[in-house]
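Report on the following structure.
The values are calculated or read from the model by the stated rules, or taken from the named source; none is laboratory data. What you see is a predicted model, and the numbers here were worked out from it, not measured in a lab. Here the Cβ positions follow ideal geometry from the backbone for every residue, glycine too, while neighbour counts run over all protein chains shown. Heavy atoms of the whole protein, side chains included, go into the accessibility calculation; ligands, DNA and RNA do not. Shrake-Rupley method; radii C 1.70, N 1.55, O 1.52, S 1.80 Å.
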Amino acid sequence: MYREKLQLWVREALGALGGEGSVNDVARQIWLDHEQDLRGEGEHFYSWQYDMRWAAQRLRETGKAGLKKNGSKSVWFLRK
């Protein structure tokens, strides 16, 4: 269930960022929106940024999000 929540949070964060953002932007937005939830996840608290990347990969595999390069940085984006 935790990883499914992260997929939702990644989508919500990208929406709040106007549909796209860097890994750091998405992590920051998730932290701003869900700090207390993350702190309450026990051991997952220590791996949530890694798990966030897993969640983004799952969204890409299902066609709900994408990844593009912007110079040397990767940018995640929502698919319409």
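Numbers below:
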{"item": "Residue 16 being touching a Leu at 6+ places or on another chain (Cβ under 9 Å) and surrounded by 14 or more Cβ atoms within 10 Å (Cβ to Cβ)", "result": "yes"}
{"item": "In the range 19-37, residue nearest to the chain's Cα centre (by Cα) [restricted to those that are of a type in the set (Gly, Ala, Ser) and within 17 Å of residue 7 (Cβ to Cβ)]", "result": "27"}
{"item": "Residue list for the range 38-59, filter: more than 11 Å from the chain's Cα centre (by Cα) and open to solvent by less than 70 Å² (accessible area, probe 1.4 Å)", "result": "38, 40, 41, 42, 45, 47"}
{"item": "Residue check for residue 3: surrounded by 15 or more Cβ atoms within 10 Å (Cβ to Cβ) and of a type in the set (Lys, Arg)", "result": "no"}
{"item": "Cβ pairs under 9 Å, 6+ apart, first in the range 59-80 and under 16 Å from residue 24 (Cα atoms), second open to solvent by less than 100 Å² (accessible area, probe 1.4 Å) and among the hydroxyl-bearing types (Ser, Thr, Tyr)", "result": "67/74; 68/74; 70/22; 73/22; 74/22; 75/22; 76/22"}
{"item": "Residue satisfying condition, being exposed (fewer than 10 other Cβ atoms within 10 Å of the Cβ) and modelled with pLDDT under 95, within set 69, 64", "result": "69"}
